Amino acid sequence: MTRVGVVGASGYTGGELLRILINHPKVEVTVATSREHAGDYVYRVHPHLRKLTDLKFVKPEIDLIADRCDLVFLAVPHGTSVNITPKLVEAGLKVIDLSADFRFRDASQYPIWYGWEHPYPDLLKKAVYGLPELHREEIKSAQLVANPGCIATSAILSLAPAVKHGLIDAEKIIVDAKIGSSGAGMEASLATHHPEHFTMVRVYKPYGHRHTGEIEQELSFVSGRPVKVAMTPHAINIVRGILTTAHCFLTREVKVPELWKNYREMYGGEPFVRIVREQRGLHRLPDPKNVVGSNFCDVGFEVDARCGRLIAIGALDNLVKGAAGQAVQNMNIMLGFDEREGLQLTGVRPV
Amino acid sequence: MTRVGVVGASGYTGGELLRILINHPKVEVTVATSREHAGDYVYRVHPHLRKLTDLKFVKPEIDLIADRCDLVFLAVPHGTSVNITPKLVEAGLKVIDLSADFRFRDASQYPIWYGWEHPYPDLLKKAVYGLPELHREEIKSAQLVANPGCIATSAILSLAPAVKHGLIDAEKIIVDAKIGSSGAGMEASLATHHPEHFTMVRVYKPYGHRHTGEIEQELSFVSGRPVKVAMTPHAINIVRGILTTAHCFLTREVKVPELWKNYREMYGGEPFVRIVREQRGLHRLPDPKNVVGSNFCDVGFEVDARCGRLIAIGALDNLVKGAAGQAVQNMNIMLGFDEREGLQLTGVRPV
Amino acid sequence: MKFTCPECGAEIEAEDVIEGEILTCPDCGVELEVVLEGDSYSLKPAEKEAEDWGE
C-alpha cells in the first residue's frame, strides 16, 4: 500500500481528501496534519468521518512527513505551500499541491496575479499543471503536480474543444462564474456570515480574479496562440458547486453536430468529463446540483446564431473535481493506478 | 450475482436505490420500472447517474419483473404497493417494500393511521418490520420486509435504549421532528414551491402523523409494555435530513455514564448507528448535516436534571438510512451478505 | 495499557503514558489527565475550559 499524507487536513479540502482516501483500496493515510488540532481524532473536525477512521491529527513536521509518506497532498493556503513543498520534493516525496503556488509555467505571472516574486523559479519549471484531460502524459512522470483552481478547471474544460478548433475569437472570451461558499474555506468572515450569505448573489473581484491567469495559460496551450479571458465570479446561495457560463464570439458559422464532434473527440474517452446537452426535461445542460460529491465535470454548449455567440457551460463540485477528487485522480496517474481507483463516487442528489 | 429490481425507480427514493445498487459488488440491477419514463435511460431522470449506468426504465409488468429478478424493491406510494406486493410474493420473489403498506403487525392499525382496511391481513402477518437494529434475526428469514418510515427510524433508534431500561415515562414521550423537503417525494405542490418552501419552518400534521403508529409499535416491542408517542413534524429549509428531538420524563435520577452504558450496549456493535455526545466544539450532538449521503443514524442524549427530562436526539438522511440505504441493509441481511456491503458511503459534507 | 473513561465508560488504549499527559476519549471527547497514584496510572477529567458550543 502506498503511504500518503495530507498537510493541512483540517480544512474543507483536507476533509474531502480524507473522505476519498480512507476508501481508496491502494493507499493508506499515514499522516494528517493540523497545527491547531494536533492530538485530536480527525472526526472531531470532520464529523462525517466518525466510525470510518480513527486517524489523529499530528503537527506538521517535515521529517515526520518524509519518514511516514511516499506521497503528500498539500491543502494549505497560497503562500504557505511555497515554504513546505521544496523541502518535501528535496526529501524525494511525490507532492500534489492544491494551492496556487506552482500553477504557473512562467514565474513572471506571479507578480501579475499574486503580487509576489516566486522564490523558486527553477522548481516552478519542474511542476506540472495537474489537469489530466490536458496533461496526462506529463503527470505520469511528474514529482510535483500543481492542482488546478476550481473555477479554472470548469472554464478550461468547457472551452477547450472550441478553442482547439479555432471556432471562437480568442481575444473576447467572457466567463461568468457562480460559486458555492465552501470554496472560500473554513475561515468565517462577514461575507460568509449566514444572515449575509444566505440569499446573496454577490459579484466579487469583477475582474482580475487569480484563476483568470490559469485559464489563459491552459487555453493558450490548447490553441497554440495567446488567449485572453475576462472572468467575473459571483458568490451564490449554494455550498458546493461551480457553474461557469462562457460567452464567446464564433469566428464562423458553426452547427451543433460539429460541436458535438469536437467535444466528443476530446472527452468521449475521459472517465470524469460528461457532455450534457439534452433536448427535453429539466436536466438539459450542466448543473452543479447533478455532480455534488462526485468527481465529474459536466460540460455543455449552445449556439446563439442571432448573436454569433457560443455559450459553453461547465459544472463541477469545487471540493471534488475542483480540488480533492482531481488531486486523487492525479495521484492515481502518478502512481500508475487505474485513474478511476477510489473515485467511483456517485453524485448525491438532491441535496 | 443476485438480480434485483426497483419498482417505481423514477422518484427520489428510487433514484437513491439505483445510486447505491449500481455500485453494489454482489448485485446486478436488471429492472427499473417507471410508467411515465419507460424506454428512457435512468440518467434522464437521475442526471447524477449519467456515465455510471446505461440502464433504461421499463413498464411495471409483474411477469417481466418476476422473470428477471430474484429480489425487488418497491418504491411506490402508499396504497399502490398493496396491489403489487402480494403478486410478487406469490411469484416467489423476496420483496422489500418501502411504502407503509405492510409496516404494522396488527391490521387494526390501518383504519386508525391510514383510514383503510388492510386487504391482505394474512400477508401482513408474514411481513417483518425492516429495522435491522431491532429485528435482524427475523429479517434473515423473511420473504417480505416492510422498510420503516424515515422519521420513525430516527425516533425509534434514539429512544430505544432509554425505553428498554424503563428510564422514561412511557405515556409522555414527545417527539419534535425537523424534516427535509426530499421526504415529500418528487411531486410538486404549493407547499414545496420554492418561494414558499425556501425559508419555511412549517408545522404540518401537528398530531396524528402516520409514522407515530410505527414508533409506538416498535418502542412497545422494545419495552414489552404499551408506549404512547406524541409527534409533531416541521418542514424546514433543508433537502435531505431528519432531526428528531425527543423530550421525555425520567422515571428516576439517571446519570450520564449510565446512559452511555445503555446506548453503547445496544449500539456499540452496530455498523450504522453512531453515538454522538461530545464535550467540545461545534459537532456535539447529532446533526443531519453530518450524515447526508451516508447510511448512518447518529443518536445522542442529554439529561436536564432540573426538569427531570431526558433529551434523546436522532439524525439521519431520510433518503438513505431513512429509506434506500436501510432497504439495501435489509437486502444484505436477507441474502446473507456482509451487512455493510455496498453501504460504505461516507457522508458528504458540507453540502 | 487499558483505561476506562470516567465520563462515558469507553475503553481507552494508550501505550507508555507519562504523568500529566492529556488523553482524549475516542467516544465522548472529554480530555483526561494521566495521574500517577503509587505505581498505577489512572485518569481524571482535565479541568474544562469555559462552556464552548463553538459559537
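Observations on the structure shown:
- In segment B:243-261, residue surrounded by the most Cβ atoms within 10 Å (Cβ to Cβ) [restricted to those that are β-branched (V, I, T) and more than 12 Å from every other protein chain (Cβ to nearest Cβ)]: B:T244
- Filter result (within 29 Å of B:V239 (Cα to Cα), of a type in the set (V, I, T) and surrounded by fewer than 24 Cβ atoms within 10 Å (Cβ to Cβ)) within segment A:299-350: A:I313, A:T346
- Among the conditions (1) within 13 Å of chain A (Cβ to nearest Cβ); (2) over 17 Å from B:L88 (Cβ atoms), B:L17 misses just one, which is (2).
- Residues being out of contact with any helix residue (DSSP H, G or I) (no Cβ under 6 Å at 6 or more places or on another chain), part of a loop (DSSP other than H, G, I, E, B) and within 28 Å of B:V273 (Cβ to Cβ) - total across segment B:106-133: 3
- Counting the residues of segment B:175-190 that are within 14 Å of B:V239 (Cβ to Cβ) and either of a type in the set (S, T, N, Q) or assigned to a helix (DSSP H, G or I) (or both) gives 4.
- Meets criteria (touching a residue at least 24 places away in the same chain (Cβ under 8 Å) and surrounded by 24 or more Cβ atoms within 10 Å (Cβ to Cβ)) for A:L64: no
- Selection status of B:T245, touching a residue at least 12 places away in the same chain (Cβ under 8 Å) and under 22 Å from B:V276 (Cβ atoms): yes
- The C-beta contact set for segment B:206-226 (first residue modelled with pLDDT under 95, second residue surrounded by fewer than 22 Cβ atoms within 10 Å (Cβ to Cβ) and of a type in the set (V, I, T), distance under 7 angstrom, 6+ apart or interchain) comprises B:P206/B:T232; B:Y207/B:T232.
- For beta carbons closer than 9 Å, sequence separation of 6+ or different chains, a first residue in segment A:38-54 that is closer than 15 Å to C:T24 by Cβ and at the interface with chain B (Cβ under 7 Å from one of its Cβ atoms) and a second that is β-branched (V, I, T) and surrounded by fewer than 22 Cβ atoms within 10 Å (Cβ to Cβ), the qualifying pairs are A:R44/C:T24.
- Of all residues in segment B:310-332 being within 12 Å of another protein chain (Cβ to nearest Cβ) and of a type in the set (G, A, S), the one that is farthest from the chain's Cα centre (by Cα): B:A315
- Checking every residue in segment B:92-110 against the condition of being within 18 Å of B:L343 (Cα to Cα), touching a residue at least 24 places away in the same chain (Cβ under 8 Å) and either buried (at least 24 other Cβ atoms within 10 Å of the Cβ) or in contact with a Pro (Cβ under 9 Å, 6 or more places away or on another chain) (or both) gives at least one match.
- All positions within segment A:1-44 that are of a type in the set (S, T, N, Q) and either in contact with a Cys (Cβ under 6 Å, 6 or more places away or on another chain) or over 17 Å from A:N295 (Cβ atoms) (or both): A:T2, A:S10, A:T30, A:T33, A:S34
- Segment A:20-37: number of residues that are over 23 Å from A:L335 (Cβ atoms) and either within 14 Å of chain B (Cβ to nearest Cβ) or modelled with pLDDT under 95 (or both): 3
- Residues of segment A:262-298 classified as more than 9 Å from chain B (Cβ to nearest Cβ), surrounded by fewer than 20 Cβ atoms within 10 Å (Cβ to Cβ) and assigned to a loop (DSSP other than H, G, I, E, B), total: 7
- For segment A:168-200, the set of residues classified as among the polar types (S, T, N, Q) and in contact (Cβ under 8 Å) with a residue 12 or more places away in the chain consists of A:S181, A:S182, A:T199, listed by residue number.
- Selection within segment A:333-351 - more than 23 Å from B:G15 (Cα to Cα) and either touching a helix residue (DSSP H, G or I) at 6+ places or on another chain (Cβ under 9 Å) or within 11 Å of chain B (Cβ to nearest Cβ) (or both): A:I333, A:M334, A:G336, A:F337, A:D338, A:E339, A:E341
- Failed criterion for A:I313 (all others in (1) under 21 Å from A:H247 (Cβ atoms); (2) out of contact with any Pro (no Cβ under 7 Å at 6 or more places or on another chain) hold): (2)
- Of the residues in segment A:252-261, at least one is acidic (D, E) and assigned to a loop (DSSP other than H, G, I, E, B).
- Within segment A:224-251, tally of residues that are outside any loop (DSSP other than H, G, I, E, B) and either at positive phi or of a type in the set (F, W, Y) (or both): 1
- Among (1) at pLDDT 95 or above; (2) under 20 Å from the mean Cα position of the chain (by Cα), the one test that B:K164 misses: (2)
- For segment C:27-40, taking the residues that are within 11 Å of chain B (Cβ to nearest Cβ) and assigned to a loop (DSSP other than H, G, I, E, B), the one that is farthest from A:Y43 (Cα to Cα) is identified as C:V30.
- Listed by first and then second residue, the pairs with beta-carbon distance under 7 Å, at least 6 apart or on different chains, first residue in segment B:310-338 and part of a helix (DSSP H, G or I), second basic (K, R), are B:I333/B:R136; B:I333/B:K140; B:M334/B:K94; B:M334/B:K140.
The values are calculated or read from the model by the stated rules, or taken from the named source; none is laboratory data. From a predicted model like this one, the values you see are computed outputs, not experimental measurements. Positions of Cβ are backbone-derived with ideal geometry, glycine not excepted, and every protein chain shown enters the neighbour counts.
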